[in-house]
Amino acid sequence: MLATARHIYSGSAATPQPTFNPNYRYLRVAVGKQTAFMVLGYIDQRPEGAVEVWYSGNGEVVRLLDGRLVGTTGLRTDWREVRFSSLPAWAGDANGAAPKTYQRERDMMPGYRFGIRDEIVRTPIAAPQQTALAGTAGASLRWYEERSVSHPASASLPPARFGVSQAGGTPRVVYSEQCISNDLCMSFEQWTPSPPAPVAAASAGT
C-alpha cells in the first residue's frame, strides 16, 4: 500500500500541482502555507464506520472517519487511538439548529498521554470567509464548528470546522480544519483532479 505514496507531492501553494493518477483518490492537506497531496491507501471497516487511511510520500498516515481525525502516524504529535460516544451524523442540521454534543477520548504520543477526554459541542455556522479551500466553492457546503472542553485542560484544542457536501443526497465531509495539538493544525480537502487538457488535433496535411 505504501507504493501508492510514490504519487505524492508536497510544496508551497504556488508550486504547480503534480500529475495525478486517475486510479487513486487524493486528499489535499494544508499546514500553514505548505500543501501536500496524500493518497488513499485503503478503507478500514470498523464497527463505528469506514475509516479512510491516507499516506504521504514520507510515510505519514492520516486516518479519517466520516471526515473526523481518528488517528495519525509519523507526525511530531500523533493521535494513536480515538474513541467516540454519541457521535452525531452530519444529516439534518441547518444554520440556526440546536447544537449537538458528543464525547471523544484520545491517546497521544509522545508523552504517553492516554485517555484524554473531550466534551465536544457541534454547531451549524454560516460559510466562513477565510478557508484553505482550493477545489470547491465554500458557499456550496453546509458548515459546522466544533468546540471542545478537554480533561486535562492542558490538552485543549482550538475549534474545528467542517464543510459538508449534500451532493447526491448523502452528506459527506469534503473539507475540514482540525488540530492535533495547539501548535499543529491542518486542513483536509477531498481532492478531485481536473481532467487533463485535450491534445490539439494535428493540422491537416501533416
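The values are calculated or read from the model by the stated rules, or taken from the named source; none is laboratory data. Keep in mind that this is a model prediction, so the values were computed, not measured. When we count neighbours, we look across all protein chains shown, and the Cβ atoms used for this are built from the backbone with ideal geometry, even at glycine. Accessible surface areas use protein heavy atoms only, side chains included; no ligands, DNA or RNA. Shrake-Rupley method; radii C 1.70, N 1.55, O 1.52, S 1.80 Å.
Structure above, values below:
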{"item": "Unique residue being modelled with pLDDT under 95 and of a type outside the set (Asp, Glu) when the list is Gly163, Gly138", "result": "Gly138"}
{"item": "Any hit, the range 115-124, residues being aliphatic (A, V, I, L, M), within 19 Å of Leu184 (Cα to Cα) and in contact (Cβ under 8 Å) with a residue 60 or more places away in the chain", "result": "no"}
{"item": "In the range 128-145, the residues that are assigned to a loop (DSSP other than H, G, I, E, B), free of Cβ contacts under 8 Å to residues at least 60 places away in the same chain and surrounded by fewer than 16 Cβ atoms within 10 Å (Cβ to Cβ)", "result": "Pro128, Gln129, Gln130, Ala137"}
{"item": "Residue among Ser56, Ser148 that alone is touching a residue at least 12 places away in the same chain (Cβ under 8 Å), touching a helix residue (DSSP H, G or I) at 6+ places or on another chain (Cβ under 9 Å) and under 19 Å from Ser187 (Cα atoms)", "result": "Ser56"}
{"item": "Any chance Ile120 is out of contact with any Gly (no Cβ under 7 Å at 6 or more places or on another chain) and modelled with pLDDT of 95 or more", "result": "yes"}
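Results for (1) part of a strand (DSSP E or B); (2) open to solvent by 70 Å² or more (accessible area, probe 1.4 Å), shown as yes or no for each residue.
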| residue | (1), (2) |
| --- | --- |
| Thr35 | yes, no |
| Val51 | yes, no |
| Val62 | yes, no |
| Leu69 | yes, no |
| Arg76 | no, yes |
| Thr101 | yes, yes |
| Gly115 | yes, no |
